[in-house]
Amino acid sequence: MYLGRVLGLLWTAMLVSALTVGDYGQYAMAFSASGIVVGLIDNAFLVRSIRVSDRAFERERRTRSGFALVLTVLGFACFQFNYVLGFSILIAGGEIALNALKSGYLRGGRIQRVMQLDLVRQGVSIAAGGTYLLVASSPNMEFASLCYGAAYLVAVGLACFRYGVRFGGLPGRVRESTLLSFGAVAGAGYAQGDVLLLGVVAGDNAAGVYSIASMVAWAAAGLFLNHANSYVAEIRSGGSGASLKSILLPAALVAASVAGLSLVIWFLDVMNPLGPSLLVLSAFVFLRAINHVCTVMLTLAKRDVTRTSATVVTALFDIGLVFLLADIGSVGAAVAAVVSELLLLSVYAPAYKKSVKAPRVSLGVS
């Protein structure tokens, strides 16, 4: 997973050096929008893929292939009129197809294979896009994006060929499907919506700078999501899992490392105001580390309503604060992220403590 993060940073550096920060800002906006589309359509399929019968799993996987094919065609149709809209839909179709291909490994607990498929797709995408950026005399964002997205077309073709195409109903009952999809959209809106809004109200450059800073921050905090997931088996067996106190010092050290990196970037005056934005987001890293642990615990405790409600409120608060602080660009978005994460923690931490004391239950939706 972290090798994929490194490749992602390499691709970002190639785009910014060959094109402009503003071009990268549009690219980041498209990817942010695609995350929201994927969350809306695919999250219910994703969650159910690990807990439904084989027959239901196969039926829903064919439906995922159908959605991927439709979105891919729609994305190409929109691409010629609007880059952000078209590319976001195109990437969403590819991601859903890739998720369908990974679903069998995920269902079987073969997480390493899931990560390998992600890494292969990313490697092929960067090789294709990077080759174009290196050989073209006057590269442009549109064609570079299409080269990058070629690997997703292969994923769509493979998914449709291997599983067929089916257009069925909702994955599961309406309540379950709606709750899982709504929660995913809220989460994607919280994680990606600020980039989109910043691009609209503050410009492509601000969106590009903030996207790079937040990418580093989320990658650093991702260490603690892995840490929390390592306790899943213990929690399901009745254990208490990781305590919040046990991660405070490691989280502080990682946040301090991000702060140190931001000061170096600030001192070298690289892509101003990347340094100040990343410095503010170092506090976000500390808070998100704690929230990652809470999220895993609340998921296993079937506290989906609590998680979804808290995420929706936090996402709306974050978007509103980004809008109010738009005059200071990426730094304002970083401040909004820190305050919003603190708000989320104020809900998650008490719910986490209650879940630790409650009897353990199997995965499901309540």
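Run the helix sum for the chain: -39,500 (n - 2.57) per DSSP H stretch of 4+ residues, divided by residue count, reported at 222 nm to the nearest 500 deg cm²/dmol. Don't jump to the answer; show the numbers that get you there.
Details: 13 runs with 306 residues, N = 366.
Result for the chain, helices only: -29500 deg cm²/dmol.
Could you please rank Lys353, Lys245, placing first whichever residue has the fewest other Cβ atoms within 10 Å of its Cβ?
Values: Lys353 13, Lys245 7.
Arranged by neighbour count, lowest to highest, Lys353, Lys245 become Lys245, Lys353.
Among Thr311, Thr295, which comes first, second and so on when ranked by fewest other beta-carbon atoms within 10 Å? Before the final figure, lay out the partial values.
Working: Thr311 24, Thr295 21.
So the ranking, lowest neighbour count to highest, is Thr295, Thr311.
Which ³J(HN,Hα) values, rounded to whole Hz and listed in residue order, are derived for segment 313-329 from phi using the Karplus coefficients 6.51, -1.76 and 1.60 in 6.51 cos²θ - 1.76 cosθ + 1.60 with θ = phi - 60°, glycine and proline given as x?
Once θ is set to phi - 60°, the couplings for segment 313-329 become 4, 5, 4, 5, 5, 4, 4, x, 5, 4, 5, 5, 9, 4, 5, 9, x Hz.
Post the alpha-carbon centroid distance, segment 264-336 to segment 65-104, in whole angstrom.
27 Å
Over the chain, what per residue volume does the convex hull of the Cα atoms give, in whole Å³? Spell out each step's value before the answer.
Details: hull volume 46.6 nm³, N = 366.
Normalising the Cα hull of the chain by residue number yields 127 Å³.
Extent of segment 1-172 along each principal axis, from alpha carbon coordinates, in Å, largest to smallest?
Taking max minus min along each principal axis of the Cα atoms, segment 1-172 gives 52, 35, 25 Å.
³J(HN,Hα) across segment 276-281 via Karplus (A = 6.51, B = -1.76, C = 1.60, θ = phi - 60°), whole Hz, x for Gly/Pro?
x, 5, 5, 4, 5, 6
Most exposed first by the Cβ proxy, i.e. fewest other Cβ within 10 Å, how do Phe267, Phe79, Phe224 rank?
Details: Phe267 9, Phe79 20, Phe224 23.
So the residues, fewest neighbours to most, are Phe267, Phe79, Phe224.
Å³ per residue of the Cα convex hull, for segment 11-98? Show your work: numbers first, answer last.
Details: hull volume 7.8 nm³, N = 88.
Per-residue hull volume (Cα only) is 89 Å³.
Read-outs: derived from the displayed coordinates by stated rules, not from any lab. These figures come from a predicted structure and were not determined experimentally. Reconstructed Cβ throughout: ideal geometry from the backbone, glycine too, with neighbour counts over all protein chains shown.
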